[in-house]
Structure formats: structure tokens, C-alpha cells
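The values are calculated or read from the model by the stated rules, or taken from the named source; none is laboratory data. Remember, it's a predicted structure, so these values are computed and weren't measured experimentally. With ideal geometry, Cβ positions are generated from the backbone for all residues, glycine too; neighbour counts draw on all protein chains shown. Protein only, heavy atoms only, side chains kept; ligands, DNA and RNA dropped before computing areas. Shrake-Rupley method; radii C 1.70, N 1.55, O 1.52, S 1.80 Å.
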Amino acid sequence: MDTQHWRPVITAAQAGDRQALDELVAGWLPLVYNIVGRALNGHADVDDVVQETMLRAVDHLGSLRDPDSFRSWLVAIAMRQIRDRARRRTPERLEETAAADFAELTVLRLQLEGQRREVAEAVRWLDDEDRQLLSLWWLEVAGELTRRELAAAVGITRQHAAVRVQRMKERLETSRGIVRALDGACPDLRELTGRWHGRPDSVWRKRLARHIRGCAYCGGTRESVVPAERLLVGIALVPLPAGFTLSLAFGGKTAVAATSAGWSAKLLGALTKPAVAMTAGATIVAGGAYVVTQPPDAPPPRAAVTPTATAGSEPPPSAPPTPTPTPSPTVTEKADLYGTVVDAVDRAPDPDARPAALPRRPESGITSTGGPKAVMQHRGDSVTLSGQGYVLVRWQISPKSRPGALVMPAWTGLKGKLFHVASGGTRRMDDPLPGAPNGYATGMGGPDIGYAVLPPGAQQMWQNEYFYVDGTVTLTQNERGCDYGLIVFPSSWEAVDEDINEGPAQGAIRYGLVRDTGTDSAPVPQYVTRATPADPATVPQRSRV
């Protein structure tokens, strides 16, 4: 999170602007929650420490001299509250179990797999001091903090911080080895852990590490071990759980007293209600865009919205199953976005079906912050597109590296129009790959390596997806549970028309697909908003805009 981007909001909040204060609290609450949650590993005290941190930050906001130092100032407050909590603990409370293990929460909510999952689970084996440092270092390698801010929060020099971090990483690697060994089938280790109480602690960490060092089975690495910092790069903040709440007891203030003291109703809501608005059927108004989330058990739709396309057949039997589309909700007010339909799951056209005619739109040119070829391979990578014209988003999925749940990219901060024009690239991602035995492997993976799985209701993408922009919008890569990359190119009508008309005659799998109707009923992407959330991955994955 870039503090300079927040400077106007911080300055306005210091001047007494309630709306700015609301935005500041809601925007930075996830960072504080991640630091405290990981440092305490989800202990029941997390809520109290997060609440106290945010209240102290709001109460002392006027004393902050330089708005650009807000992030380091806020992180330092959080670390002081964590250390104060450790000093207040009684011997009885030392035996309390975690309310919601943060390692497990990290794995589930970020959908981590493989060695990334291993790193998250290894955190359980660290001592309190190491976990506190890890809570900052994790965010440093994920791009949320700087080394200077890490050192300031711990209260040591950058040189000393480098030494402390290196020692913590060594213990983290030892803990990763323990997680890996416990997943194995070593009979000697099973005998040793027969006396283990099941709770990670420093005594058993040393015992298990000693066994691993002397065991040919446990010590033999059967795959290359990737350094933890490379695994954590690009992993964003763990979203606040839907059940996460903060008490109304503002350090003795009642809700009425807090309100009379200047707390706005919206700020009270941010501090006392679940921060992730994912309740069934809820409508969130953000910057003019109405995002309606669907209940998981909603009844099936009467009919799916079908974009303009040539009618065709179902996807081939060898392809991974297409998720059932989420139903179209009732929106009481029309969203302030171009397009009256949203991309929805459709039938794959027959490979020999020629695409419909592509309407020609005005083109004054597209400017991209990523240049003529923006390569986005890590979570959080983004590109901002401005102007009027066509844009190509090319998908590169690598199930061999990490299959799993695919988190779609998000379009945020939209000003103007954005809609889906066409799909091309000679194949849909669930088409069989050339040369694959019996068409078993597809662009989404295969049974031998696993599949990349779309979220429910997501539109199956093609190798090349084309969009039309008339204004400004930012596209963010939300890679999380599955390894994929996006390449974004400013394009042209001629390039789109040529691509979608390359078909089986050129040795490809299929012709392309036209979605642009030439009217305002051209479909908009599913994950688009005019708002600019701190974490674009929070744009609902089963939304209708």
C-alpha cells in the first residue's frame, strides 16, 4: 500500500473530514489485521489488539507530522500493542488455544498450495518473537512494507534487522522441513511423534529437527526447495474473514459516547461489522457501481445470459467441467456502466463455426502504463489503460507449476466505458491441446498435473481476450491459488478481426468468437468496478455489475 497515494486522504482526515477518516480506517484495517493476526497466529486476542491499534491511530492522528510516514507510524503502533499484549499475558492465558489458527486462515483464504502452503504452516513452529518479526518480513517480501519500516517497527537499526531476519529465516526453513517430514511416511518419525501432544512448540521443534538431520528418509529432499521469499513475493494481504468483528466498547466508550465524540456512523460500522461484505444477497454501492453478491445455495437461473455469438455445442467431454453459472440477480438501480449484460458462462461454439461480424469502433489510441507489452506474472501486478481503442489480454496458465483455484483478474477504477469485444487465439482454454493423448490435456491442465479451476459463474476465457476501452481503467493480476500470467497489449480492430478469423484452416483448433453487439448491450467483464479498492482481489468473484 503506497502511503503517498493516501496522502490527500490522511491530510483530510487530520483536518476533521469524517469521510476521509472512514476511508482511512477501512483501507488500512486489513494491513493491521495481517500483522497482528500473523504475529499472534490467530489468537483470541487478535480482535482486541487490532481494535486498540486502530483506536490509538485515530486518536493520535493529529500528532502525525508527515502523512508520508503514516504506514510506518501505524505499523509501529501495531507492534507496540502486540508487545504490550505479550507482557500482560498471565501463565493461565499462555495455555489458551488460538481462536482461528492464522496459518490455516492464510492457506484457506489465499488458496495456497505446494511450497507456499508449507511456508504458511511452518509459522506455527516459530516462537512468539520470530512470529512477530515474520509478520513484518512476510509483508516486506510481499511488497507491503519496506525494510526501513520493518526496522523502525521493531525498534532496531536496519543492519540489526538484517541479522534478525536472517536468523528467523533459518528457523523458518527448519520449520518447513518439519512440516514436510510430518507429511511423509517415515516409520521412525511416526514412532517419535507417538509421544507428541500435537501442539507445535520450541521443544518439539528441536527434537524433530534433530531427527530430520540424522534421517536419510526425512532429510532427503524429493523436490527443489524454493526460498521462502520467492514464494511470498506478490502474495497480498489475507482478507478479513466474514465473521471478523470488533467490539463496540471503544476502550470504555459506548457507541453513543463514541458518536458524540466525533465518530461517524460509517466509521463505527467499519470497526464493528465484518469488513468483508460477502453476505448472501448483499448489495454494495461503490463509486456508482452496484455489485450484487449471490448466496452459494441460490436457485438455478431460468436462462443464462448468452453473449452475441454463433450458436454451438457443449465443451468437449475431455475438458474440465464448466461451473454452473450464478443466477442473474435483481438490481433495483441500473449500474453506471456501459453494457446491459455481464459475461456469463456460455456454450462453446463448434470449431468450424465462423464468428459473427465484428463492429468497428472509433480508435484514437490506447496508452498503457506497461508499454506495448505489459507482462503480469505476480499477484498485485497491474496496468492502467487510457484512451479509446482495443486491448488484448493474453492468458498463460501453468498447471504444471501450481494447479488449483483460479482467481480472476479485476478491472478497477473505471472512468468511461469498458466492454468485452471478442475472444480468439485459435482456442478456448478448455480445448484439448494439440498432441495430447485422447485430448486429455487442455489449456486448463489435465488429470496428471491437475486443473486450473474457475470460480463458480466465471466466463471461460480464450487464449486471447479482447476488450474495448473508452476512458481509463486498471487491470490487476490476482494470481493466488493457481499459477497464471497475463500479457496486455494495446491492439486494433484489424488485429482483432484477423485473430478471430484464424481457424481450423490454419491448423488451429477453432475460429474466434464475437461478443460485441455494436450497441450498449455488449457484455462488460464480470469483475469490474468504478471503485479503487486497496486490494483489487476483493472485487467479488461471483458478481454481477
**Message:** Quick check on this structure: which one of E333, E363 is at pLDDT 90 or above and open to solvent by 60 Å² or more (accessible area, probe 1.4 Å)?
**Reply:** E363
**Prompt:** Would you pick out the residues in the range 416-442 that are farther than 15 Å from R510 by Cα and either modelled with pLDDT under 90 or of a type in the set (S, T, Y) (or both)?
**Reply:** G435, A436, P437, N438, Y440, A441
**Request:** Please tell me if Q81 is under 30 Å from A405 (Cβ atoms), modelled with pLDDT of 80 or more and assigned to a helix (DSSP H, G or I).
**Result:** no
**Request:** Enumerate the pairs (first residue in the range 184-197 and more than 8 Å from Y217 (Cβ to Cβ); second residue anywhere and basic (K, R) and assigned to a helix (DSSP H, G or I)) with beta-carbon separation below 9 Å, excluding pairs fewer than 6 apart on the same chain, so at least 6 apart or on different chains.
**Result:** L192/R207; W196/R207
**Asked** Out of curiosity, is R131 farther than 21 Å from D535 by Cα and either modelled with pLDDT of 85 or more or open to solvent by 30 Å² or more (accessible area, probe 1.4 Å) (or both)?
**Response** yes
**Residue among P434, P359, P355 that is farther than 30 Å from G143 by Cβ, touching an Asp or Glu at 6+ places or on another chain (Cβ under 6 Å) and assigned to a loop (DSSP other than H, G, I, E, B)** = P359
**Prompt:** If you take the residues in the range 106-116 that are out of contact with any Gly (no Cβ under 6 Å at 6 or more places or on another chain) and under 16 Å from A142 (Cβ atoms), which one is modelled with the lowest pLDDT?
**Reply:** R109
**Residue, modelled with the highest pLDDT, within the range 168-200, restricted to residues that are charged (D, E, K, R) and surrounded by fewer than 12 Cβ atoms within 10 Å (Cβ to Cβ)** = E170
**Item:** Enumeration of residues in the range 40-73 that are over 17 Å from T11 (Cα atoms) and of a type in the set (S, T, Y)
**Value:** T53
**Complete:** Selection over the range 503-545 where residues are more than 19 Å from the chain's Cα centre (by Cα), β-branched (V, I, T) and open to solvent by 10 Å² or more (accessible area, probe 1.4 Å) yields a count of 4
**Complete:** V226 meets each of (1) β-branched (V, I, T); (2) over 16 Å from A103 (Cα atoms); (3) part of a helix (DSSP H, G or I) with one exception, condition (3)
**Message:** Any residue at all in the range 480-502 that's over 17 Å from A344 (Cβ atoms), among the hydroxyl-bearing types (S, T, Y) and assigned to a strand (DSSP E or B)?
**Reply:** yes
**Message:** Give me the residue from the range 153-206 that is part of a helix (DSSP H, G or I) and among the polar types (S, T, N, Q) and, out of that set, nearest to V141 (Cα to Cα).
**Reply:** Q166
**Prompt:** Take the residues of the range 207-223 that are of a type in the set (G, A, S) and either assigned to a helix (DSSP H, G or I) or at pLDDT 80 or above (or both): which is least open to solvent (accessible area, probe 1.4 Å)?
**Reply:** A209
**Complete:** The residue that is farthest from S492 (Cα to Cα), considering only those in the range 368-379 that are surrounded by fewer than 20 Cβ atoms within 10 Å (Cβ to Cβ) and not β-branched (V, I, T), is H378
**Request:** Considering every residue within the range 462-476, establish whether at least one is in a loop (DSSP other than H, G, I, E, B) and either open to solvent by less than 10 Å² (accessible area, probe 1.4 Å) or under 15 Å from A537 (Cα atoms) (or both).
**Result:** no
